[in-house]
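Reading through the structure tokens given below for one structure.
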Amino acid sequence: MTKIIIIDDHQLFREGVKRILDFEDSFEVVAEGDDGTDLIQLYEEYQPDVVLMDINMPQKNGVEATAELIEGHPNAKVMILSIHDDESYVSHALKSGALGYMLKEMDADEIVDAIKIVAAGGSYLHPKVTRNLVAEYRRLSERENKGSFHQTEIRRPFHLLTKRECEVLQLLTDGQSNRAIGETLFISEKTVKNHVSSILQKMNVNDRTQAVVTAIKNGWVEVR
């Protein structure tokens, strides 16, 4: 029997995954949590064979929770189950110690098969994720071979930022305010602020101006 813990802040999604897994005779969902902060306590209490975990959660995200768990329990088997197929998300998840990266668009049979692979000691990446990682690796290799970090063509920094963050970075370069960016992308101003904060942190810069200058120098945005 493969014991499984599900960590996801969306209750309806958790329940849906649990129903899928309950149909598999060799699976048993032994516990559920709604944030990465729950992981250590639940893991130590239930000693699961596999942890299924969302990557975006309000207090502690899946990457942080995975890294913390692996530090204390290096043999733990964590699978990320996410809506994001961006290589930046995948890279961070794998670096934290996750053995699998599934997409929430997967059907029931694919989820079951992926869990069985990881439970047996293997690793699993969704095919779409694998393609993106390979494409990013090739792009970075080509850039290194040219011997220059600066680029003459626009190449979005998907190795560093998510697709949405790249869109926000471009609009920052265009001189748009947070409110204007929100209206352009049909998201709230608060969400824009969160994206900007994430961009500054990932680019290791202090403010929007530094982010824009760095992006222009590296050919990540259009100057229009």
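The values are calculated or read from the model by the stated rules, or taken from the named source; none is laboratory data. Note that this is a predicted model, so its numbers are computed, not measured. Note: ideal-geometry Cβ built from the backbone for every residue, glycine included; neighbour counts use all protein chains shown. To get the accessible areas, we keep the full protein, side chains included, count just its heavy atoms, and leave off ligands, DNA and RNA. Shrake-Rupley method; radii C 1.70, N 1.55, O 1.52, S 1.80 Å.
According to a simple spin-label model (label point 7 Å from Cα along Cα-to-Cβ), what is the distance in nm between residue 163 and residue 1?
4.1
Taking a probe of 1.4 Å, how large is the accessible area per residue of the chain, in Å²? Walk me through the numbers on the way to the answer.
Working: 11920 Å² over 224 residues.
Solvent-accessible surface per residue comes out at 53 Å².
Using amide H atoms built in the peptide plane, which far-off residues or other-chain residues are under 5 Å from residue 125 H to H?
101
Any lysines with Cα under 30 Å of the residue 104 Cα? List them, leaving off those in the same chain fewer than 8 positions away.
Of all the lysines, those that pass the test against residue 104 - Cα under 30 Å, at least 8 places apart if same chain - are 3, 18, 60, 77, 95, 116, 128, 163, 190, 193, 202.
Roughly to the nearest percent, how much of the accessible area of the chain is carbon and sulfur, given a 1.4 Å probe? Present the calculation step by step, with values, prior to reporting the outcome.
On the way: 5770 of 11920 Å².
Answer for the chain is 48 percent, counting heavy atoms of protein chains only.
Please report, in cubic angstrom per residue, the volume enclosed by the convex hull of the alpha-carbon atoms of the chain. Please report the intermediate quantities before stating the final value.
Numbers: hull volume 30.2 nm³, N = 224.
Taking only Cα atoms, the chain has a hull volume of 135 Å³ per residue.
Starting from the Cα gyration tensor of segment 2-125, take the square roots of the eigenvalues, sort them a ≥ b ≥ c, and report rounded, prolate or oblate (rounded when a/c is under 1.5, otherwise prolate if a/b is larger than b/c, else oblate).
rounded
Can you pull the one-decimal nm distance between simple spin-label points at residue 83 and residue 26, each 7 Å off the Cα toward Cβ?
If labels sit at residue 83 and residue 26, their model points lie 3.2 nm apart.
Compare 85, 49, 22 in a GNM of the chain, Cα atoms joined below 10 Å, and give the one with the largest fluctuation.
Fluctuation is largest for 22.
Take the Cα pairs of segment 148-218, get the Kirkwood Rh, then feed it into Stokes-Einstein at 25 °C and 0.890 mPa s and tell me D in µm²/s.
Numbers: Rh = 12.3 Å.
D = 200 µm²/s.
Could you pull the Rg and Dmax for segment 15-71, using just the Cα atoms, both in Å?
Radius of gyration, then largest Cα-Cα span, for segment 15-71: 11.7, 33 Å.
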